[in-house]
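Following: one structure in structure tokens, then a few remarks.
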Amino acid sequence: MLELISEHGCYGGEQRFYRHQSTAIGLPMRFSIFLPAQASAGRVPALFYLAGLTCTEETFVIKGGAQRVAAELGMILIAPDTSPRGADVAGESDNWDLGVGAGFYVNATETLWQQHYQMYSYVLELYDLVIQEFPIKADSIGITGHSMGGHGALVMALRNPDRFRSVSAFAPICAPSHCPWGIKAFSAYLGNDQQAWRSYDASALMQDMHTPFPDGILIDQGLSDQFFPHQLLPESFEAACKQAQQPITLRRHAGYDHGYYFISTFIENHLRFHHQNLQSDRG
Ligand SMILES: N[C@@H](CCC(=O)N[C@@H](CSC=O)C(=O)NCC(=O)O)C(=O)O
């Protein structure tokens with residue numbers, strides 16, 4: 001059951017915030033949803049946005065500047081929170097890159113975390129929930145995200161190409177098994193068996209695929225990003241795409257850092273990219 005927390009008129013549509021009891025997480029979770037005016041007249045395409053470390057369901061909505069173009073295109077935007085809240089795991093708020101605000105979109109298997117830190121399953125649960133509750137065209141759903149959320153978007157799409165028909169990312173963590181953030185999070189959530197990490201590593205997943213997204217993948221990366229390249233490693237994903245014959249547009253932008261000024265600059269390109277791909281018939 002959905003509990004409406006607040007709603008706000010926005011570009012002729014509505015920006016809403018909801019709370020619901022999540023089966024996957026075993027706790028209440030919050031998400032935001034932008035409903036364009038077109039959604040009152042019938043089903044429309046939708047785009048998931050997965051946010052990065054320290055963010056909530058509100059960050060993208062406030063800082064991303066996506067609603068104006070989503071309103072023009074008639075596209076629903078859905079942004080989940082980035083971790084369980086109130087799981088009461090010892091030390092879960094001690095580090096900004098592990099625990100609260102840092103769920104990494106994985107299903108934890110380590111004893112300390114596994115009861116509630118099930119963010120991979122949560123995104124799929126939310127996917128089913130929003131299709132049921134809102135006027136979404138079920139065959140026209142894309143996914144994007146930033147940094148930790150860019151990693152999440154790539155992994156969710158590569159593992160569920162039947163659900164997410166288009167994918168893009170902003171400064172994603174492209175090879176989490178090989179960067180400090182990913183090694184720290186995967187060791188804690190998944191344990192030390194690095195074979196288990198592969199199913200949450202976009203570059204490793206892509207190596208085993210053949211053109212999963214024929215319409216291409218769009219990635220934007222700022223060259224003044226304080227976390228580039230050591231945490232993000234986009235060249236690993238680019239190389240994996242080449243091996244998998246996966247078309248990719250990886251744009252490198254001088255002068256842009258890791259923050260939301262970068263995202264808000266290029267979000268329009270991503271919305272139009274998804275809108276075009278979601279209209280095309282993959283056959
Ligand atoms: N607190 C950290 C900085 C955390 C940070 O930069 N978070 C990014 C995502 S990083 C990868 O997932 C973010 O999106 N922050 C929200 C924002 O509003 O910018 C530090 O002290 O360095």
Probe 1.4 Å, accessible area per residue of the range 226-283, Å²: 54 Å²
Overall Cα dimensions of the range 80-120 - principal axes, largest extent first, Å: 23, 22, 16
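Largest first, how would MET29, MET209 line up by accessible area (1.4 Å probe)?
Values: MET29 5, MET209 55 Å².
The ordering from most to least exposed comes out as MET209, MET29.
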Rounded to whole Hz, the Karplus (6.51, -1.76, 1.60) HN-Hα couplings of the range 48-60, x for glycine and proline: 7, 10, 9, 8, x, 3, 6, 8, 10, 5, 9, 4, 5
Residue-level accessible surface for LYS63, protein heavy atoms, 1.4 Å, Å²: 120 Å²
Virtual spin-label span in nm between THR109 and GLU268, 7 Å along Cα→Cβ: 4.5 nm
Normalised per residue, the volume of the convex hull around the Cα set of the range 168-278 (Å³): 102 Å³
Whole-percent pair-distance distribution, where bins are 10 Å wide, for the alpha carbons of the range 112-185: 18, 45, 30, 7, 0
Amide hydrogen neighbours beyond the local backbone of ILE136, cut-off 5 Å, H modeled: VAL44
Heavy-atom accessible surface of the range 139-223: percent carbon and sulfur, 1.4 Å: 47 percent
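Return the percentage of antiparallel bridges among DSSP beta bridges fully within the range 1-157, rounded to the nearest 5 %. Numbers along the way, then the final one.
Values: 23 of 32 bridges.
Restricted to the range 1-157, the bridges split so that about 70 percent are antiparallel.
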Accessible area (Å², 1.4 Å probe, nearest 10) - CYS241: 0 Å²
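Using 0.36 nm per residue, how much length does the chain from ARG85 to SER280 gain when fully extended, once their Cα-Cα distance is taken away? Provide the component values of the computation, followed by the final result.
Numbers: separation 195, 0.36 × 195 = 70.20 nm, distance 3.82 nm.
Taking 0.36 nm per residue and subtracting the Cα distance, the gain is 66.4 nm.
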Sequence-distant residues sharing a close amide H with GLY222 (under 5 Å, placed H): ALA171, HIS253
Listed residues GLY74, GLY91, GLY182, most fluctuating in the chain (Gaussian network, C-alpha, under 10 Å): GLY91
PHE60 accessible area, 1.4 Å probe, all protein chains in place, Å² to nearest 10: 10 Å²
Extended-chain gain in nm, criterion 0.36 nm per residue less alpha-carbon gap, ASN192 and ASP139: 15.4 nm
Amide N of the range 247-276 lying under 12 Å from the label point, which is placed 7 angstrom from the Cα of THR54 along Cα→Cβ: 258-260
Cβ-based net charge around GLY9, under 14 Å, with every Lys or Arg adding one and every Asp or Glu removing one: 0
Helix runs (DSSP H) in the chain reaching 18 Å along axis by Cα, Kyte-Doolittle at least 0.0: 119-133
Approximate shape of the range 25-153 as ellipsoid semi-axes (Cα gyration tensor, √5λ), whole Å, largest first: 28, 15, 11
Sequence of SER83, SER121 from largest to smallest accessible area, 1.4 Å probe: SER121, SER83
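Subtract the Cα-Cα distance of ARG252 and ASP162 from 0.36 nm times their separation in residues, and report this length gain in nm to one decimal.
Values: separation 90, 0.36 × 90 = 32.40 nm, distance 2.91 nm.
So the chain would gain 29.5 nm between ARG252 and ASP162.
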Zero-based 5 Å bins, Cα pair distances in the range 214-280, whole percents: 4, 16, 24, 22, 20, 12, 3, 0
Under the Karplus curve 6.51 cos²θ - 1.76 cosθ + 1.60, θ = phi - 60°, whole-Hz ³J(HN,Hα) for the range 199-208, x wherever Gly or Pro sits: 6, 10, 10, 4, 5, 5, 4, 5, 4, 9
Calculated Rg and Dmax of the chain using C-alpha coordinates, Å: 17.4, 50
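Using every Cα-Cα pair within the range 99-231, state what percent have a distance larger than 23 Å. Numbers along the way, then the final one.
Working: 2913 of 8778 pairs.
The calculated P(r) of the range 99-231 puts 33 percent of pairs beyond 23 Å.
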Built amide H within the under 5 Å cut-off of GLY13, gap 5+: ALA37
Whole-number accessible area per residue in Å² for the range 134-222, which is evaluated in the context of all protein chains at 1.4 Å: 28 Å²
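The values are calculated or read from the model by the stated rules, or taken from the named source; none is laboratory data. No experiment lies behind these values; they were computed from the predicted model shown. Virtual Cβ from ideal backbone geometry, glycine too; neighbours counted across all protein chains shown. Quick note on the areas: whole protein, heavy atoms, side chains included, nothing else; ligands and nucleic acids left out. Shrake-Rupley method; radii C 1.70, N 1.55, O 1.52, S 1.80 Å.
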